[in-house]
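Peer 1: Input: one structure, supplied below.
The values are calculated or read from the model by the stated rules, or taken from the named source; none is laboratory data. Given the structure is predicted, the values throughout are model-derived calculations rather than measurements. Cβ sites come from the backbone with ideal geometry, for glycine too, and all protein chains shown count toward neighbours.
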Amino acid sequence: MRRRGERGPLASFGLHAGLLVAAFVALFPPFWLLVTSFKPRQETFSLTLFAGFTLENYDHVINNTAFLTWFGNSVFIVTLTTVLGVFISSTTGYALSRFKFPGMRSLMWTLLLTQMFPMAVLIVPLYNLMARYGLLNQPVGLIVTYLTIAVPFCAWMMKGFFDSIPIAIDESGRVDGLSPFGTFWRLILPLAKPGLAVTAFYSFVTGWAEVAYATAFMTGERNLTLAGGLQTFVNQHTQDWHYMTAAAVLIAVPAALVFGYAQRHLQAGLTAGATKA
């Protein structure tokens, strides 16, 4: 007789088999992308695991294209997006968590409703705004656009995190003579590191992996970001899949490094605000 909640051998086998299948489905595409990046053009669609191993694809992407320029553009845009996204989201979330002010409910609904619109719907109105203010082909245009994507979600998340921090800490700071911003900066923000890590990571991914806005708002090879630059390898005129896979691997490496650095905070940050202290 099995105890309540104890799985039988067949159920345990089915669970582990399902997990193995799910892991294979998740890991096979990036693995095959990596394998393909080391194949010559004529072996791009070959099912052979190691067919004509070569580093020529990476050499071409780095030395014979504007990849390094795209990389610099992306780093600049993503860095500012991350820094501004963390600052705006944390200050907005703290204000919504601690203060009552006119228009607070409207602001909360605005932050919530802006997340309901698909990105494709917003391309045309945002393009018109960028054209009106001369922000097309300007990094500032993409930074503002990415902030409109990242800040609403991150501000809501940070509000939930700040709600879980006892308000007595704010009160003790006020007693010691700190201003509201001083209390936020010196007492509350150090306790919010997990939430800040998730906010920074989400802002980073928003700017690093986004394609639609990057290709719509930035034209000319020297102005492209990494995501936009990938499309120069495979389009209606060229089909250089071997170069595209090599570039995709190079783009994925910084994202993996950032994730590896931030992952210890991500689990705590993603569950922050689930319960209120």
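Peer 1: Can you confirm whether Phe53 is surrounded by 12 or more Cβ atoms within 10 Å (Cβ to Cβ), farther than 20 Å from Gly228 by Cβ and out of contact with any Cys (no Cβ under 6 Å at 6 or more places or on another chain)?
Peer 2: Values: surrounded by 12 or more Cβ atoms within 10 Å (Cβ to Cβ): no; farther than 20 Å from Gly228 by Cβ: yes; out of contact with any Cys (no Cβ under 6 Å at 6 or more places or on another chain): yes.
When the stated conditions are applied, Phe53 does not pass them.
Peer 1: Further, regarding this structure: In the set Thr48, Thr44, Thr54, which member is among the polar types (S, T, N, Q) and touching a Pro at 6+ places or on another chain (Cβ under 6 Å)?
Peer 2: Thr54
Peer 1: Check segment 200-212 and report whether any residue there is in a loop (DSSP other than H, G, I, E, B), of a type in the set (Val, Ile, Thr), without any contact (Cβ under 8 Å) to a residue 12 or more places away in the chain and under 30 Å from Pro29 (Cβ atoms). I'd like the intermediate steps shown before the answer.
Peer 2: The initial filter retains those residues of segment 200-212 that are in a loop (DSSP other than H, G, I, E, B), namely 210-211.
Checking the rest, the ones that are also of a type in the set (Val, Ile, Thr) come to 211.
If we keep only those that are without any contact (Cβ under 8 Å) to a residue 12 or more places away in the chain as well, we get none.
Checked segment 200-212: no residue is in a loop (DSSP other than H, G, I, E, B), of a type in the set (Val, Ile, Thr), without any contact (Cβ under 8 Å) to a residue 12 or more places away in the chain and under 30 Å from Pro29 (Cβ atoms).
Peer 1: Looking for something in contact (Cβ under 8 Å) with a residue 40 or more places away in the chain, in the same structural domain as Gly72 (by TED's automatic domain parsing) and under 24 Å from Gly160 (Cα atoms) - is there at least one such residue anywhere in segment 224-232? First the steps, then the outcome.
Peer 2: Taking segment 224-232 as the starting set, the residues that turn out to be in contact (Cβ under 8 Å) with a residue 40 or more places away in the chain are 224-229, 232.
If we keep only those that are in the same structural domain as Gly72 (by TED's automatic domain parsing) as well, we get 224-229, 232.
Subset that is under 24 Å from Gly160 (Cα atoms): none.
Among the residues of segment 224-232, not one is in contact (Cβ under 8 Å) with a residue 40 or more places away in the chain, in the same structural domain as Gly72 (by TED's automatic domain parsing) and under 24 Å from Gly160 (Cα atoms), which makes the answer no.
Peer 1: Is there any pair with a first residue in segment 45-61 that is more than 14 Å from Leu33 (Cα to Cα) and a second that is surrounded by fewer than 11 Cβ atoms within 10 Å (Cβ to Cβ) and not hydrophobic (A, V, I, L, M, F, W, C) whose Cβ atoms are under 8 Å apart and which are 6 or more apart or on different chains, and what are they?
Peer 2: Gly52/Gln42
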